[in-house]
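**Student:** Structure incoming, see below.
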Amino acid sequence: CTACPRGRASALSGSTSIDACIKCAPGTFAPQAGFSQCTNCLAGTYQPIAGRAECILCDPGSFCARGTSLPTPCSAGRWSDKVGLREDANCTETAPGFYTTSGLTEPTPCGG
């Protein structure tokens, strides 16, 4: 039998060829060899490339839902300088006297 390498999976048990192994889709991963199915990236992480063995922490100014292939920018009126946010509600609300557009890592003073 041939175990699928990291970043690939196969539901076919007893396979004798790596050709039966399918690359994990973006938003999923297989951290070890021999996985029968790929796992969704956890909330707070993402993976844009197929066939990977790990997910990436979500970027500042964005959040990542479970199984996502790309970060989603914090909505206008919110910001974040932290990595690994799971939802828009985790982004910081902009304080009065400041403004933010989508995806920012810090607020900007009004009239400045």
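Taken together, the values in this text are just the output of simple stated rules run on the coordinates, not laboratory data. Computed from a prediction, not measured in an experiment: that's the story for all the values here. Note: ideal-geometry Cβ built from the backbone for every residue, glycine included; neighbour counts use all protein chains shown.
**Student:** Please enumerate the residues belonging to the range 48-67 that are out of contact with any strand residue (DSSP E or B) (no Cβ under 8 Å at 6 or more places or on another chain), farther than 15 Å from ALA25 by Cβ and among the aliphatic types (A, V, I, L, M).
**Tutor:** The answer is none; no residue qualifies.
**Student:** Select from the range 40-52 the residues that are at negative phi and out of contact with any Phe, Trp or Tyr (no Cβ under 6 Å at 6 or more places or on another chain) and list them in ascending order.
**Tutor:** Taking the range 40-52 and keeping what is at negative phi, we get 40-43, 45-50, 52.
Across the range 40-52, the qualifying residues are ASN40, CYS41, LEU42, ALA43, THR45, TYR46, PRO48, ILE49, ALA50.
**Student:** Name every residue in the range 62-112 that is among the β-branched types (Val, Ile, Thr), within 24 Å of ASN40 (Cα to Cα) and surrounded by fewer than 20 Cβ atoms within 10 Å (Cβ to Cβ), in order of residue number. Quick ask: steps written out before the conclusion?
**Tutor:** So in the range 62-112, the residues among the β-branched types (Val, Ile, Thr) come out as 68, 72, 83, 92, 94, 100-101, 105, 108.
Of the ones still in play, those that are also within 24 Å of ASN40 (Cα to Cα) are 68, 72, 83.
Residues satisfying the conditions are THR72, VAL83.
**Student:** Separate question: What residue, of GLY67, GLY44, GLY61, GLY77, is farther than 30 Å from THR108 by Cβ and small (Gly, Ala, Ser)? So that I can check it myself, show each step before the final result.
**Tutor:** Working: GLY44 fails: farther than 30 Å from THR108 by Cβ; GLY61 fails: farther than 30 Å from THR108 by Cβ; GLY77 fails: farther than 30 Å from THR108 by Cβ.
Of the residues listed, the single one that is farther than 30 Å from THR108 by Cβ and small (Gly, Ala, Ser) is GLY67.
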